[in-house]
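Below is one structure, written out as structure tokens; the observations come after it.
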Amino acid sequence: GALRASAAQHPCAVADPTVAERLCGAMEDSAYLVQLLIGFFFTAASVPLFRLARRSGELPERMLAWCFLCFGLSYLFYEAPFLPGLEALLTPFSFIARLITGAGVIAVALFTWQAFRRDDAWAKWLAIGCGVSIAIGDAMSPFWGDWEGFMALSNPFFWFEWTGQTVPLAWICVEGFLHYGRARKRARFGLGNPSVANRFFLWGMFGFAQ
């Protein structure tokens, strides 16, 4: 009773349900706008990466560019059905976003293998295994009626996709922080550039945030 009374007196408590609905609607609209902006950011960030890949001709730069492009497009496809007039496209757009996200994560796995563990056979097979796992999950989920990819309990292939997407993102987190520690030690003795160590740290944080 005392807890209920104190909650009712909280300055954030709203007595009028219509006001609460408007507040929730405003917060949802803001969240959708932020997601769309993130999608545009990732898509725009892929442009200089594609230019860099074209100049270098190297696979890691190309994979990183595709990663950013796919992540950007997936954000846009996930959020577009929440815009007025596009509600009926929720299921097909969600499935397209899943496929694009999977492609982006495969690009992440290939980038990590090529950039950090090119000579390690286990890294090659880990990247391939993640790609196969994502492909199986995406291909089989519709047969279980799980087009959006949210039916974790009733769709056994959900976990193929989940594992295939989670492992590469955890991998870049580990590699980023591991190489950050090494680069920071070298920079401390004047054998490396501190800005390089900072980039490793940011890459690790990117993986952690995902």
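The values are calculated or read from the model by the stated rules, or taken from the named source; none is laboratory data. Small disclaimer: the values here were computed from a predicted structure and weren't measured. Cβ placement follows ideal geometry from the backbone for every residue including glycine, while neighbour counts extend to all protein chains displayed. Just the protein is used for accessible areas: all its heavy atoms, side chains included, with ligands, DNA and RNA removed. Shrake-Rupley method; radii C 1.70, N 1.55, O 1.52, S 1.80 Å.
Screening ALA139 with (1) touching a residue at least 24 places away in the same chain (Cβ under 8 Å); (2) in a helix (DSSP H, G or I) gives one miss only, at (1). Restricting attention to the range 171-188, which residues are within 18 Å of GLN114 (Cα to Cα) and either of a type outside the set (A, V, I, L, M) or open to solvent by less than 50 Å² (accessible area, probe 1.4 Å) (or both)? Selection gives TRP171, ILE172, CYS173, GLU175, GLY176, PHE177, HIS179, TYR180. Is it the case that some residue within the range 112-122 is touching a His at 6+ places or on another chain (Cβ under 9 Å), crowded, with 18+ Cβ neighbours inside 10 Å and in a helix (DSSP H, G or I)? Looking for residues that are touching a His at 6+ places or on another chain (Cβ under 9 Å), crowded, with 18+ Cβ neighbours inside 10 Å and in a helix (DSSP H, G or I), one finds at least one in the range 112-122, hence yes.
Of the residues making up the range 138-159, those that are surrounded by fewer than 19 Cβ atoms within 10 Å (Cβ to Cβ) and in contact with a Ser or Thr (Cβ under 7 Å, 6 or more places away or on another chain) are TRP144, TRP147, GLU148.
The residues of the range 45-64 that are free of Cβ contacts under 8 Å to residues at least 40 places away in the same chain and either among the aromatic types (Phe, Trp, Tyr) or open to solvent by less than 60 Å² (accessible area, probe 1.4 Å) (or both), listed by number, are ALA45, SER46, LEU49, PHE50, ALA53, SER56, GLY57, GLU61. With respect to the conditions (1) of a type in the set (A, V, I, L, M, F, W, C); (2) in contact with a Pro (Cβ under 8 Å, 6 or more places away or on another chain); (3) open to solvent by 50 Å² or more (accessible area, probe 1.4 Å), VAL34 lacks only one, and its number is (2). When LEU99 is tested against (1) open to solvent by less than 60 Å² (accessible area, probe 1.4 Å); (2) touching a helix residue (DSSP H, G or I) at 6+ places or on another chain (Cβ under 9 Å); (3) assigned to a helix (DSSP H, G or I), only condition (1) is not met. Residue count for the range 68-96, restricted to those that are closer than 15 Å to PHE40 by Cα and open to solvent by 20 Å² or more (accessible area, probe 1.4 Å): 8.
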